[in-house]
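Here's the structure we're looking at; comments come further down.
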Amino acid sequence: MNDKIIEACVPEVVKCVHCGKCRAVCPTLDVLGWDNYGSRGRMILAGEIIRNGFDPDETGLNSIFTCTTCKHCTTVCPTKAKVPEVMEMTRSILVGRKKHPDIHRVLYERVEKLGNPYDEHKDRLWWIPDFREPEEAEVMFFVGCTPTYRTVEIAKSVVKILDGLEIPWTFVRDQKCCSSPLIRTGWGSITTDHNIEKIIETAEATGADTVITSCAGCYKTIIQDYPIEDLDIRIMHITQYLAEKLEKGEIELPQKPGLRVTFHDPCHLGRHAGEYDAPRKVIESMGVDLVEMEHNRQSSWCCGAGGGVRIAFPELTEKIATKRVNEARAVDAELILSACPFCVYNLRVNSQDIPVRDIVEFIAELM
Ligand code: SF4
Ligand code: SF4
């Protein structure tokens, strides 16, 4: 295991020429102010851990585990060093040495035992008890753990939109966590194969040719971490699905003219998956006044929650999220929209004055 990790990691580690260009964009360095907590410091440390077996102390461990894996550094890096991937692989080496935040082991145990990282024992169907599998479906909704157990209005909104647009849908009854929290924190991907098999089986049984998800983290994980190269099925974020329908003139969305909204690009949808336009097309189709924050699209500022940081370092996450909300205040936004339940949840608890909604909630509330 470690040999494979080293083989994959070393070429990326040596790409870092320590130029420091990434210092200006790292959200954790911005808060903590010490090079240890920025991409350059992390890459130097990761190189020592991976190549020389260096045994980091608590400060070193915090350096590796406070990276949100937002990928902002890679976008400005002259050599395009894959810092998030190096962090994930370095974390898996450290997990193998039993050196990690204790709470990450708890996450792993919850996912292994319950299929979700939230310690929830409720059935996946709790929020939609009258669900009946359709004979035929056009799309399969991969709900994700956060909409199921923490932001259920987002899951309900997706269903309201699909029903309202008369799009037949289904979903996987015994769905498990997509494994994103485990992969990002170095704990591997125990449920990955199970999920992809279930997705394919369910889709094939109903004729659905598209899997949609409202979660940017699930979306990135399924398209980039799952073995799906030869799949005859499309995996789409719901904003991509709706944008495509809008372009084809197949749907119209409710209007809210004059409302001043801004959009927070989730790192997993934007920088990781390269999708910036679809959510904006959906928002603009609703007649609102879309204003961009100082950091947007490829330079979007992370919400601070990813990479297992929120659960292990909540104060750091709060400070990063507060900076992002302040950017929305600076452009006088009346509403912050995003396209990821994890970002929405995190920005919402850190925004006292500006409401925060997922795009699907915004649509569904107007339907
Ligand atoms: S910008 Fe790239 S090469 Fe420069 S210090 Fe950061 S990670 Fe290393
Ligand atoms: S991925 Fe984000 S948090 Fe991690 S080092 Fe790069 S800029 Fe910093």
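Kindly indicate the residue of the range 221-243 that is outside any strand (DSSP E or B) and out of contact with any helix residue (DSSP H, G or I) (no Cβ under 8 Å at 6 or more places or on another chain) and also modelled with the highest pLDDT among those meeting that condition. It comes out as 241. Within the range 100-120, the presence of a residue that is among the aromatic types (Phe, Trp, Tyr) and over 30 Å from residue 27 (Cβ atoms) is excluded. When every residue of the range 51-71 is checked against the conditions, none turns out to be within 11 Å of ligand 1 (Cβ to nearest atom) and at negative phi. Residue 208 meets all of the listed conditions (1) of a type in the set (Gly, Ala, Ser); (2) farther than 21 Å from residue 183 by Cβ; (3) in a helix (DSSP H, G or I) but one, namely (3).
Exactly one residue out of 148, 59 is closer than 30 Å to residue 245 by Cα and free of Cβ contacts under 8 Å to residues at least 60 places away in the same chain, and it is 148. Tell me, please, whether a residue that is over 21 Å from the mean Cα position of the chain (by Cα), farther than 18 Å from residue 26 by Cβ and outside any helix (DSSP H, G or I) can be found in the range 270-285. Yes, the range 270-285 contains a residue that is over 21 Å from the mean Cα position of the chain (by Cα), farther than 18 Å from residue 26 by Cβ and outside any helix (DSSP H, G or I). For the range 62-117, the helices (runs of 4 or more DSSP H) that sit wholly inside it and include 1 or more residues that are near ligand 2 (Cβ under 9 Å from one of its atoms) are 72-76, 83-96.
The values are calculated or read from the model by the stated rules, or taken from the named source; none is laboratory data. Values in this document were obtained by computation on a predicted structure and should not be read as measured data. In this analysis, Cβ positions are derived from the backbone assuming ideal geometry, glycine residues included, and neighbour counts consider all displayed protein chains.
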